[in-house]
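Notes to accompany the following structure.
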Amino acid sequence: MAKAELVRANEAASTREAFRRILRGVASTVTIITTRWEGRRYGMVATAAMSVSFEPPSFMVAINRSASAYRALEAQGAFAVNIIGRTDEHVAKGFAEAPGEERFRSGHWLDYLEDGEFENLPYLDSCQAAIFCKTAKTAIFGTHTLFIGEVHDILAHGRSHPLLYLDGGFGGYVASPKRDSHLERDNSLMPCPL
């Protein structure tokens, strides 16, 4: 077994590089965070996204303050977390490479039909799930702002084949076969009661 590399805290540049290298080996679910502000759609691909609590249901995304969607997310106060499935890798790639509104040319995007801050939030029709959140709290740390959103609504397909990001590339996860037949689901989009 190879000896672990020790990085001293006083070697800041080395610590950052080692941290970046280590995180490339941590698989993350690919999401597309979207919002609408002043009549325009904004969004970005993000892997720094996670559930926070079940009581109340809440979700957090970490957004770099230099991201093009940052000001819109901050101003709107509501966002959608589109959990991307393996079959939508092309959407994630297109979204990551295109600027502004051109990002939404990749995939079939719908508008969430509800009044108020959630009105017309864009979501990907083929996503594994869309989680609609109202920003409840933000916290600035380093280069990022953490947006903690209370879950308002969820639209979900019954499948669970998330697109993952690992070591600079996209891929998938193959689970061990499940023995419980009741876990099989169809692929129709359905509201999930909270």
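Below are the figures for this structure:
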quantity	calculated
Karplus-derived 3J(HN,Hα), 6.51/-1.76/1.60, for each residue of segment 47-54, Hz, glycine and proline x	10, 8, 9, 7, 6, 10, 7, 8
Cα Rg, Dmax (largest Cα-Cα span) when computed across segment 28-169, Å	13.7, 40
Within-10-Å neighbourhood charge of residue 150 [Cβ basis; K, R +1; D, E -1]	+2
Neighbour-count order for 20, 36, fewest beta carbons within 10 angstrom listed first	20, 36
Sorted by Cβ neighbour density within 10 Å, fewest at the top, the residues 154, 32, 140	140, 154, 32
Ranked 90, 157, 144, criterion: other C-beta atoms within 10 Å, fewest first	90, 144, 157
For segment 31-104 and segment 110-171, distance of Cα centres in Å	6 Å
For segment 122-138, 3J(HN,Hα) per residue [Karplus equation, 6.51 cos²θ - 1.76 cosθ + 1.60, θ = phi - 60°, Hz, x = Gly/Pro]	x, 9, 7, 4, 9, 5, 5, 7, 10, 10, 9, 10, 9, 4, 9, 7, 10
J(HN,Hα) series, segment 93-109, from Karplus relation 6.51 cos²θ - 1.76 cosθ + 1.60, nearest Hz, glycine and proline x	5, x, 5, 5, 8, 8, x, x, 5, 4, 4, 7, 6, 8, x, 9, 9
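No value in this document is a laboratory result; all are computed from the given coordinates. No experiment lies behind these values; they were computed from the predicted model shown. Virtual Cβ from ideal backbone geometry, glycine too; neighbours counted across all protein chains shown.
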